[in-house]
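Notes to accompany the following structure.
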Amino acid sequence: MAKSIRLKSLPPLPERSKEENDRLVKAHQETLVRIQQALLFSGQRAVVVFEGMDAAGKGGTIRRLAWAMDPRSLKVWPIGAPNEIEAKQHYLQRFWTRLPEKTQIAVFDRSWYGRVLVERVEGLTPAQNWRRAYQEINAFEQQLVDDGIRVVKIFLHISKEQQRKELIERLRDPLKRWKLSYDDFRNRARWSDYVEAIEDMFDRTNTKAAPWDVVPSDDKPAARAQALGILVKRLSKGLDLSLPPLDRKVARMALKMLGKNAVKSAR
């Protein structure tokens, strides 16, 4: 296991202007496109997990990831409470069925970590079950890595005061109220319990095979740039990001249909 992660001791993000953050986000998005192409041509796949406190910016970060990439090989899974059938199965069952096929990236907006977070804090599963889950989750992620799947886990952390501001903004903005639920306020009432559960989660599941990256997200633009940068770093490791050559069969047909100049400019 890696060293302990404590939410109150997270190093601050670099101070950057909005323009600098926007440039970084755009640069990371361009690299993510190349990563997606590299996965496509190499037949590899990846799993990306986003966790965090309510209003920490998971949705905004995932949107900027999805905007950059081809939806045919990117799947975003928003994870809520299990349905009636899933509730009768092992809690990992519904995640096995959502794993990416070769060449694909699966993004989980919340994940199997609900077992040791909301289910633990809200008493939705017996203590013996969530305590056992740490070992089960580590084994699950190790299996993914052993099968060649790149696993990236990002936790976005928002302070309690900043969360209050975000919730008030959502209450006052009719276009953002859809993001609010009763659970947002119920969870906030148990803030300290969630912090304890989150830090226990880091202690027990921050493994060499699948480490956690934790991003302070009071400054949303900076956090988005940081999170996308982490994705670039983790997903590109060992990948050849050079642009692939034009397929010969496509080149021959293009030559026939479009002429020499078109093919020459496409090389």
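The values are calculated or read from the model by the stated rules, or taken from the named source; none is laboratory data. Keep in mind it's a predicted model, so treat the numbers as computed, not measured. Cβ atoms come from the backbone with ideal geometry, glycine included; neighbour counts cover every protein chain shown. Accessible surface is based on the protein model in full, side chains and every heavy atom, while ligands, DNA and RNA are left aside. Shrake-Rupley method; radii C 1.70, N 1.55, O 1.52, S 1.80 Å.
The figures follow:
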{"item": "Region 124-141 residues that are open to solvent by 10 Å² or more (accessible area, probe 1.4 Å) and charged (D, E, K, R), paired with ones that are modelled with pLDDT of 95 or more and not in a helix (DSSP H, G or I) (beta carbon under 8 Å, 6 or more apart)", "result": "E136/L92"}
{"item": "Output for region 70-93, where each listed residue is open to solvent by 50 Å² or more (accessible area, probe 1.4 Å), among the hydrophobic types (A, V, I, L, M, F, W, C) and not in a strand (DSSP E or B)", "result": "A81, I85, A87"}
{"item": "Subset of region 25-51 (residues that are of a type in the set (A, V, I, L, M) and crowded, with 19+ Cβ neighbours inside 10 Å)", "result": "V25, L32, I35, A38, L39, A46, V47, V48, V49"}
{"item": "Given (1) surrounded by fewer than 18 Cβ atoms within 10 Å (Cβ to Cβ); (2) within 24 Å of E199 (Cβ to Cβ), number of the condition T97 does not satisfy", "result": "(2)"}
{"item": "Region 163-182, residues that are under 23 Å from the mean Cα position of the chain (by Cα) and aromatic (F, W, Y)", "result": "W178"}
{"item": "Of all residues in region 153-195 being part of a helix (DSSP H, G or I), within 19 Å of A81 (Cβ to Cβ) and in contact with a Lys or Arg (Cβ under 8 Å, 6 or more places away or on another chain), the one that is most open to solvent (accessible area, probe 1.4 Å)", "result": "K179"}
{"item": "Counted residues, region 196-220 - those being farther than 13 Å from K3 by Cα, part of a helix (DSSP H, G or I) and open to solvent by less than 30 Å² (accessible area, probe 1.4 Å)", "result": "2"}
